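> This structure is in structure tokens; I'll ask about it shortly.
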Amino acid sequence: MAIGEGRRTQLLRGALDLCLLAVMEEGPAYGYEMTKRLRARGLSTVGEGSIYPLLGRLEREGLVETYRAASNGGPPRKYYRPSAEGRRALAAGVAEWRAARDALDAVLGPVEAEVAA
Amino acid sequence: MNPFVEECRREWKRLGVPDPVANEMAADLEVDLAEAEADGSSAEEVLGTAAFDAPSFAAAWAAERGVVPRATETVRTRRRVPRAEVAIAGFALVAIIGALLLLTAQASSQTRVALPAPIHVWKPVPMPVPVGARGLVSSSSDLGARIAGAVLLIVGLVGTVLATVFAVLDRPWRRPAAAG
């Protein structure tokens, strides 16, 4: 794996739980639906690993609530939505992310670099 | 059933995941993969790199859900450390016993050497050995034994200290693995 891809993977892995909470905050979603929402924003989970273990952890930690419902007449799916604690964790996580991003921008922003095509 | 899901099921069974939980995870995964396939997406696009390693994926998912103990790594660490402690403690014990034997033997031989040798021991007395020379030979071997004993004693004591340090450091590792 190239160095750039490795860094991207590390960065996204550290924020993937927040991304999941964010996309389910838009509306309850089942596993694959969340993958599609992430992909629609240009966030592919291919290099970042599966979201399922992460959903399992969010569920175990009480950050999400789940229920079963049929989707478009199909088989029942497990839908996830943030719990009250999950919403608090999302708010705190987003604040942390923004602080980290701003600090990194302050260091890396002034660097003039050109990415070779 | 999807071969990937089937492989996951086997792993969950092997890990002792309760059937209702395994059924639920398998069903969710199956319908998600089927929908992805209908969308023209590959399993890799849904599962990431986990698509190539069903057992690891299944084990990680079950562990994150908290339905199986969290990883073999913790178990391995727990087992390895006491073994190291026992090995070091055993080695230290052997070294200390060896040191004591050497030093005791040296002390008693030193006592014997200090006594004047009875004449009949040397019979038929082939050649008279000067007392000073005998004392020199005897002192040299005593010195070697004393040094060896001291070294063993030091090694034993260091081993005891190390085993104690490891035992103390080991305590946090024996706590249940943190969630998450």
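> Pairs under 7 Å by beta carbon, first residue away from chain B (no Cβ under 13 Å) in the range A:7-30, partner part of a strand (DSSP E or B) and among the charged types (D, E, K, R), six or more apart or different chains?
Final answer for the pair search is A:Met24/A:Arg81; A:Pro28/A:Arg81.
> Of B:Ser138, B:Ser108, which residue is loosely packed, with under 13 Cβ neighbours inside 10 Å and either modelled with pLDDT under 55 or part of a helix (DSSP H, G or I) (or both)?
Numbers: B:Ser138 fails: loosely packed, with under 13 Cβ neighbours inside 10 Å.
Going through B:Ser138, B:Ser108 in turn, the sole match is B:Ser108.
> Looking at the range B:36-70 only, could you name the residues that are within 7 Å of chain A (Cβ to nearest Cβ) and under 30 Å from the mean Cα position of the chain (by Cα)?
B:Phe57, B:Ala60, B:Trp61, B:Glu64, B:Gly66
> Still on this structure: Take A:Val94 and decide whether it is more than 30 Å from B:Val67 (Cα to Cα) and either within 14 Å of another protein chain (Cβ to nearest Cβ) or in a helix (DSSP H, G or I) (or both).
no
> Quick check: is even one residue across the range A:13-36 assigned to a helix (DSSP H, G or I), over 14 Å from the mean Cα position of the chain (by Cα) and either at pLDDT 95 or above or among the hydroxyl-bearing types (Ser, Thr, Tyr) (or both)? Explain how you work it out, then say what you get.
Just the residues of the range A:13-36 that are assigned to a helix (DSSP H, G or I), to begin with: A:13-25, A:31-36.
This time we only want the ones that are over 14 Å from the mean Cα position of the chain (by Cα), so: none.
Among the residues of the range A:13-36, not one is assigned to a helix (DSSP H, G or I), over 14 Å from the mean Cα position of the chain (by Cα) and either at pLDDT 95 or above or among the hydroxyl-bearing types (Ser, Thr, Tyr) (or both), which makes the answer no.
> A follow-up question, please. So which residues in the range B:45-83 are modelled with pLDDT under 90, touching a helix residue (DSSP H, G or I) at 6+ places or on another chain (Cβ under 6 Å) and in a helix (DSSP H, G or I)?
Selection gives B:Val46, B:Ala50, B:Ala51, B:Thr77, B:Val81.
> In addition: Can you pull out the residues in the range B:147-158 that are crowded, with 16+ Cβ neighbours inside 10 Å and free of Cβ contacts under 8 Å to residues at least 60 places away in the same chain?
Applying the first criterion (crowded, with 16+ Cβ neighbours inside 10 Å) to the range B:147-158 yields B:149, B:152-153, B:155-156.
Once the filter is applied, which keeps residues that are crowded, with 16+ Cβ neighbours inside 10 Å and free of Cβ contacts under 8 Å to residues at least 60 places away in the same chain, the range B:147-158 yields B:Gly149, B:Leu152, B:Leu153.
> Now for a separate question. What residue, among those in the range A:62-74 that are more than 16 Å from the chain's Cα centre (by Cα) and in contact (Cβ under 8 Å) with a residue 12 or more places away in the chain, is farthest from the other protein chains (Cβ to nearest Cβ)? Explain how you work it out, then say what you get.
Pass one, the range A:62-74, residues more than 16 Å from the chain's Cα centre (by Cα): A:62, A:65-74.
Filter once more, so that each one left must be in contact (Cβ under 8 Å) with a residue 12 or more places away in the chain: A:62, A:65-67, A:71.
Working: A:Gly62: 10, A:Glu65: 15, A:Thr66: 10, A:Tyr67: 13, A:Ser71: 8 Å.
Among those that are more than 16 Å from the chain's Cα centre (by Cα) and in contact (Cβ under 8 Å) with a residue 12 or more places away in the chain, it is A:Glu65.
> Hey, another quick one. Please tell me if A:Arg57 is part of a helix (DSSP H, G or I), within 19 Å of A:Gln10 (Cα to Cα) and without any contact (Cβ under 8 Å) to a residue 60 or more places away in the chain. Before you say what the answer is, go through the steps one by one.
Values: part of a helix (DSSP H, G or I): yes; within 19 Å of A:Gln10 (Cα to Cα): yes; without any contact (Cβ under 8 Å) to a residue 60 or more places away in the chain: yes.
Yes; evaluated as a whole, the condition is true for this residue.
> Quick check on the range A:75-85: of everything there that is within 16 Å of A:Gly31 (Cβ to Cβ) and within 14 Å of chain B (Cβ to nearest Cβ), which residue is nearest to the chain's Cα centre (by Cα)? So that I can check it myself, show each step before the final result.
The initial filter retains those residues of the range A:75-85 that are within 16 Å of A:Gly31 (Cβ to Cβ), namely A:75-82.
Adding the requirement that they be within 14 Å of chain B (Cβ to nearest Cβ) leaves A:75-80.
Working: A:Pro75: 25, A:Pro76: 24, A:Arg77: 20, A:Lys78: 18, A:Tyr79: 16, A:Tyr80: 13 Å.
The residue in question is A:Tyr80.
The values are calculated or read from the model by the stated rules, or taken from the named source; none is laboratory data. All values reported here derive from a predicted model rather than from experimental measurement. All Cβ positions, even for glycine, are placed from backbone atoms using ideal geometry, and neighbour counts span all protein chains on display.
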